[in-house]
């Protein structure tokens, strides 16, 4: 689990999806100042380095996720990281933490934050745009310092979170095609290169398209897909042809 957390905006939430994002809504108990102070107090509880009063490091982050009842090996962990604008793997800043929770309704206790985090699990499955937002933010978390791309091992680990249902993601498979299995096989045996931002983002787009139509009638070599995805389509067709010959 330590390894997973170390490898760790477009639209506001809709009012009928989780909570209305209106921290300053009329009629809420307490003042804005009181709520901000309460969120700061929660942040201070998890600070783990006296020399860095405005940062939560790996140990504090692990304890925090535990108190939120969010596993480190589920997509909801990354959703919380996106909400709080985590700058890097397993870290939070005071500014991102306070502003993130201040943008939600009544999340000034750890119990309320845990309830909100639980709601994110459903939102990830119900709202493809929100899923995409968290997925794309994860690329920033997974890049090593000073690197533009994500190494294959780490990218595969994250795809196994986002594209399987066991850990709160979307199962990337259809009736006759084990898409995720074949995608990882292709990346590890054919592509063999770090994953850049464009390929990372278009992989999620590819997932949605293949889930809609596994026949790939939508695919065109003239479309603006990354070259790796063009190669993957050829890889899939070759596998499908081999399977048909065996039947």
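Numbers below:
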quantity: Flag for residue 210 being assigned by TED's automatic domain parsing to the domain that holds residue 239, assigned to a helix (DSSP H, G or I) and touching a helix residue (DSSP H, G or I) at 6+ places or on another chain (Cβ under 6 Å); calculated: yes
quantity: One residue from 85, 71 being assigned to a loop (DSSP other than H, G, I, E, B), on the phi > 0 side of the Ramachandran plot and modelled with pLDDT of 95 or more; calculated: 85
quantity: The range 192-207 - residue that is part of a loop (DSSP other than H, G, I, E, B) and out of contact with any helix residue (DSSP H, G or I) (no Cβ under 7 Å at 6 or more places or on another chain) and, of those, nearest to residue 148 (Cα to Cα); calculated: 196
quantity: In the range 110-151, residue nearest to residue 61 (Cα to Cα) [restricted to those that are touching a strand residue (DSSP E or B) at 6+ places or on another chain (Cβ under 7 Å) and part of a helix (DSSP H, G or I)]; calculated: 142
quantity: Residue check, residue 155 in contact with a strand residue (DSSP E or B) (Cβ under 8 Å, 6 or more places away or on another chain) and closer than 20 Å to residue 81 by Cα; calculated: yes
quantity: Test: residue in the range 207-223 that is over 19 Å from the mean Cα position of the chain (by Cα), on the phi > 0 side of the Ramachandran plot and modelled with pLDDT under 95; calculated: yes
quantity: Residue satisfying condition, being modelled with pLDDT of 95 or more and in a helix (DSSP H, G or I), within set 172, 159; calculated: 159
quantity: Selected residue [under 23 Å from residue 76 (Cβ atoms) and surrounded by fewer than 17 Cβ atoms within 10 Å (Cβ to Cβ)] from 170, 205; calculated: 205
quantity: Tabulated pairs, the range 24-47, first in the same structural domain as residue 97 (by TED's automatic domain parsing), second modelled with pLDDT of 90 or more and loosely packed, with under 11 Cβ neighbours inside 10 Å, C-beta under 9 angstrom, 6+ apart or interchain; calculated: 44/53; 47/53
quantity: Odd one out for residue 97 among (1) in contact with a helix residue (DSSP H, G or I) (Cβ under 9 Å, 6 or more places away or on another chain); (2) within 25 Å of residue 197 (Cα to Cα); (3) in a helix (DSSP H, G or I); calculated: (2)
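Listed here are the residues, each with its yes/no results for (1) surrounded by 19 or more Cβ atoms within 10 Å (Cβ to Cβ); (2) closer than 24 Å to residue 32 by Cβ.
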position: 54; (1), (2): no, yes
position: 57; (1), (2): no, no
position: 60; (1), (2): yes, no
position: 66; (1), (2): no, no
position: 100; (1), (2): yes, yes
position: 111; (1), (2): no, yes
position: 114; (1), (2): no, yes
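The values are calculated or read from the model by the stated rules, or taken from the named source; none is laboratory data. Everything quoted here is computed from the prediction, not taken from an experiment. Ideal geometry is used to build each Cβ from the backbone, glycine not excepted, and the neighbour counts take in all protein chains shown.
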